[in-house]
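What follows is a short report on a single structure.
Please treat every number below as a calculation from the coordinates, not as lab data. Because the structure is a prediction, the values reported are computed rather than measured. Cβ coordinates were reconstructed from backbone atoms using ideal geometry, including for glycine residues, and neighbour counts include every protein chain displayed.
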Amino acid sequence: MPRRVLVINGHPDGDPGRLCAGLAEAYAAGAREGGHEVETIAIAGLDIPFLRSQVEFEKGDIPASLSAAGEAVRHADHVVIVFPLWLGTMPALLKAFLEQVMRPGIAFEYTKSGPKSLLAGGSARLVVTMGMPAFLYRLYFLSHGVAGLRRSILRFVGFSPVRTTLFGLVTAAKEDKRQKWLAQMRDLGRRAS
């Protein structure tokens with residue numbers, strides 16, 4: 001069954017030669033081949049103001065520069081976020097983007113009985129590149145930065161399941177390895193998984 005897929009390139013550097021850009025493009029291409037409706041967002045090209053207060057987060061309007069992104073998140077059946085691991089977690093610009101588009105009124109709402117997710121029924125995939133071995137990030141660091149994003153943001157607003165793909169030792173990877181990663185993303189895209 002065709003799904004509405006949103007692919008977010010969360011790398012703050014807009015260089016199209018970045019591995020994150022290639023992985024995001026491969027996933028999107030595969031999703032199109034699989035008959036899915038695909039929308040893409042590259043955060044590097046967006047004006048993303050940082051939130052500076054709880055009042056602004058809870059009661060402020062989403063900036064006009066991000067209103068289309070907010071609508072894309074709201075209407076997606078499956079969201080894919082591709083980003084590099086920086087200091088053990090996502091880059092600050094990606095976090096700022098998520099704070100803007102996963103706010104009350106878009107991703108959840110406050111009710112008398114507590115927060116209620118508005119994105120239930122959707123699924124997500126995190127695709128993370130890193131300089132260290134992926135197994136080391138999983139075992140020693142317990143994937144803490146990715147786990148926080150998965151639990152405290154994506155599952156909180158209703159995405160389930162949230163799957164994770166980690167690519168380690170990316171700076172040392174030879175071209176054949178990168179091509180395997182791109183093929184893997186294309187295959188995941190076809191299945192919108």
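Quick notes on this one:
- Annotation: lysines with alpha-carbon distance below 24 angstrom to LYS116 (same-chain offsets under eight excluded): LYS59, LYS95.
- TYR140/PHE50 FRET efficiency (R0 25 Å; Cβ-Cβ; nearest 0.05): 0.20
- Antiparallel DSSP beta bridges within the chain, percent to nearest 5: 15
- Point-to-point label distance, ALA92-ALA120, nm (Cα→Cβ direction, 7 Å offset): 3.7
- Cα-based equivalent ellipsoid of the chain: semi-axis lengths in Å, sorted from largest, via gyration tensor: 26, 19, 16
- For the chain: relative contact order, % (alpha-carbon pairs under 8 angstrom, 6 or more apart): 29
- Modelled FRET efficiency - R0 25 Å, HIS75 with SER160, Cβ distances, 0.05 increments: 0.90
- Under the convention that each Lys and Arg Cβ holds +1 and each Asp and Glu Cβ holds -1, the size of the dipole of the chain around its Cα centre is about 720 debye.
- The stretch 47-113 versus the stretch 157-193: alpha-carbon centroid distance in Å: 23
- Stretchable slack from ALA172 to GLU33, in nm (0.36 nm times residue separation minus alpha-carbon distance): 47.0 nm
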